[in-house]
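Here the structure comes first, spelled out in structure tokens, and everything after it is commentary.
The values are calculated or read from the model by the stated rules, or taken from the named source; none is laboratory data. The structure displayed is predicted, hence computed values, not measured ones. Ideal geometry is used to build each Cβ from the backbone, glycine not excepted, and the neighbour counts take in all protein chains shown. Quick note on the areas: whole protein, heavy atoms, side chains included, nothing else; ligands and nucleic acids left out. Shrake-Rupley method; radii C 1.70, N 1.55, O 1.52, S 1.80 Å.
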Amino acid sequence: MLAYLPRPPTDTSRYGTFPQKPDLPAAPRALVEDGRQQAAATTAKRSAPMPNYPSAPRRSGFVPGEPSLPPSRGSLTTQHHRGRPSWCPPPAPQEAGARLYPLHALSVANIPNSSRGKTSARSSTVPTPEGLQSRRCKLLEEDSPMAQASKRQRQRYVTKVGKCQVNLGNIQDKKRFLSDIFTTIVDLKYRWFLFVFMMCYIVTWVVFGIIYFFDAWVRGDVGHQGDPEWRACIENVDGFVSALLLSVESQRTIGYGTRMVTANCTEGVILLMAQSIVGSMIDAMMVGCMFVKISRPKKRAQTLIFSKNCVISHRDEKLCLMFRVGDLRESHMVDAKIRAKLIKSRQTAEGEFIPLEQSELNLGYDTGEDRLFLVEPQIICHVINRHSPFWDMSAESLRREQFEIIIILEGIVEATGNCCLATGMTCQARTSYTEDEILWGYRFEPCMSLEKGAFQVDYSRFEMTFEVQTPAASAKELHELKEVEQQEHSTLSLYWDHLLQPC
């Protein structure tokens with residue numbers, strides 16, 4: 001089937017600003033005449049042509065001697081050519097007079113026109129060679145491996161909201177969970193936690209109620225109700241329901257006074273003491289679990305936000321990987337720390353495959369920059385140096401890699417009011433970035449301004465980025481190029497100093 005498809009000339013630019021129309025085979029004369037008649041009719045129906053909206057010029061121009069910028073992820077050219085075979089031409093505009101401009105952060109938005117869409121739909125009744133060729137290209141794009149890979153959902157190690165996507169199975173020794181019953185109950189979901197909370201009280205009430213009824217039945221208190229000469233062990237217990245009410249009143253210390261344990265039997269007193277001790281233990285455990293369950297600092301992590309994307313650009317003449325963090329509450333985190341992990345599978349020199357290996361990304365541990373005073377949004381920077389795993393990674397190799405960056409922000413929840421029990425509770429917020437969420441050659445826009453004697457934070461600009469001039473080469477290549485330039489400069493300076501010396 002590929003032999004019947006027309007191919008564009010070899011000098012066609014793939015990433016050009018204005019796409020070139022490929023040479024098409026000669027169409028039948030009848031189709032050409034019909035197409036000209038329909039084009040003339042369409043032109044006559046239009047009342048006035050739509051003006052073109054040119055895009056704003058880029059701020060950063062081309063610098064000679066530096067590697068060129070990779071195509072922007074949001075550019076229209078990249079979206080058209082990604083996943084398209086090399087011989088397939090870009091789709092032609094709907095009108096002959098329409099012009100295609102590159103789309104970037106400073107371009108003017110395109111204004112759609114409903115009348116144009118209707119006119120184009122009416123004029124596309126006869127299939128043209130361009131339409132057939134676009135259909136063939138579309139079919140091949142859907143079958144291409146790049147299109148199938150883009151449709152396939154990426155399995156993340158940690159979600160954007162910080163949930164770990166790891167399921168534990170085939171655990172043989174489950175008795176370890178019972179040894180730490182407090183943490184096991186706290187980690188339960190709310191529906192199971194409330195079920196355990198209620199069943200602990202109901203089961204103890206029923207068990208002690210059965211014991212009270214059995215004791216009253218053995219001693220004959222049930223059959224001698226209303227006898228003033230009978231010395232009862234448990235008064236006013238004539239069935240299981242009344243014994244259950246006695247159990248509830250004794251454990252909850254309600255004490256209505258109609259049913260009670262007398263001093264005529266020793267086992268009744270011992271049974272009452274045992275129920276009081278068990279009830280106190282259940283109260284202490286379940287109330288503690290309820291308080292910890294409600295006051296756990298997991299909900300505090302929902303007000304700690306991270307930027308959706310990472311950016312790579314130069315800062316202080318160093319290539320850096322950066323992302324932004326922020327706190328939405330006015331009560332700040334105490335002793336906030338941030339760290340990053342790189343999750344990537346690799347194969348050792350001996351042939352051993354290590355799945356999901358974790359390596360540390362330095363966020364300023366040696367200089368103390370990983371400790372944050374998180375009052376306003378902070379841009380966290382990882383310098384790509386010799387010790388960084390991104391030392392050999394360029395803009396082109398970044399698209400071929402498969403890894404995940406885990407960001408962990410920890411801090412102590414600030415105590416509010418007189419609630420001393422909440423002091424010292426550690427909160428942890430997590431997020432992750434895959435290789436598709438890293439923007440090469442971008443920076444974050446500032447979101448702070450000075451208004452009315454105070455600093456104002458605009459969280460609507462928290463996610464905004466803008467494109468900057470950044471070489472597409474890796475940090476290692478840039479470092480080697482800089483060393484070569486320094487060696488050449490030092491050689492020229494020595495040669496010039498030698499010429500200046502007197503003979």
Quiz prompt | Test: Glu488 is in a helix (DSSP H, G or I), among the acidic types (Asp, Glu) and either surrounded by 17 or more Cβ atoms within 10 Å (Cβ to Cβ) or at pLDDT below 90 (or both) | solution = yes
Do the conditions hold for Val311, that is, is it among the aliphatic types (A, V, I, L, M) and within 30 Å of Ile438 (Cβ to Cβ)?
yes
State whether one or more residues within segment 128-141 are at pLDDT 50 or above, open to solvent by 70 Å² or more (accessible area, probe 1.4 Å) and either under 30 Å from the mean Cα position of the chain (by Cα) or of a type in the set (Gly, Ala, Ser) (or both). no
Residue set Val292, Val383, Val325; condition among the hydrophobic types (A, V, I, L, M, F, W, C), under 30 Å from Phe193 (Cα atoms) and in contact (Cβ under 8 Å) with a residue 12 or more places away in the chain; output residue Val292
Over segment 262-273, the set of residues closer than 18 Å to Val203 by Cα and either of a type outside the set (A, V, I, L, M, F, W, C) or open to solvent by less than 80 Å² (accessible area, probe 1.4 Å) (or both) is Leu271, Leu272
Of the candidates Ile312, Ile305, the one satisfying the condition of being within 17 Å of the chain's Cα centre (by Cα), among the β-branched types (Val, Ile, Thr) and under 30 Å from Ala395 (Cα atoms) is Ile305
Residue hits (segment 330-383; surrounded by 12 or more Cβ atoms within 10 Å (Cβ to Cβ) and not in a strand (DSSP E or B)) are Ser331, His332, Asn362, Leu363, Gly364, Tyr365, Glu369, Asp370, Leu374, Val375, Glu376, Pro377
The residue that is modelled with the highest pLDDT, considering only those in segment 171-195 that are hydroxyl-bearing (Ser, Thr, Tyr) and exposed (fewer than 11 other Cβ atoms within 10 Å of the Cβ), is Tyr190
Taking first residues from segment 468-493 that are touching a residue at least 40 places away in the same chain (Cβ under 8 Å) and second residues anywhere that are open to solvent by 70 Å² or more (accessible area, probe 1.4 Å) and assigned to a helix (DSSP H, G or I), the pairs with Cβ under 7 Å that are 6 or more apart or on different chains are Ala472/Glu396
Considering residues that are within 60 Å of the chain's Cα centre (by Cα) and loosely packed, with under 12 Cβ neighbours inside 10 Å, the number found within segment 196-249 is 5
(message) Suppose the filter is of a type in the set (S, T, N, Q), surrounded by fewer than 18 Cβ atoms within 10 Å (Cβ to Cβ) and at pLDDT 90 or above; does Ser276 pass it?
(response) yes
Item to complete: For Ile405, indicate whether it is open to solvent by less than 40 Å² (accessible area, probe 1.4 Å) and under 26 Å from Gln469 (Cα atoms).
Response: yes
- [ ] Evaluate segment 209-227: report whether one residue or more is hydrophobic (A, V, I, L, M, F, W, C) and within 30 Å of Ser295 (Cβ to Cβ).
- [x] no
*Arg259 vs. criteria out of contact with any His (no Cβ under 7 Å at 6 or more places or on another chain) and open to solvent by 70 Å² or more (accessible area, probe 1.4 Å)*: no
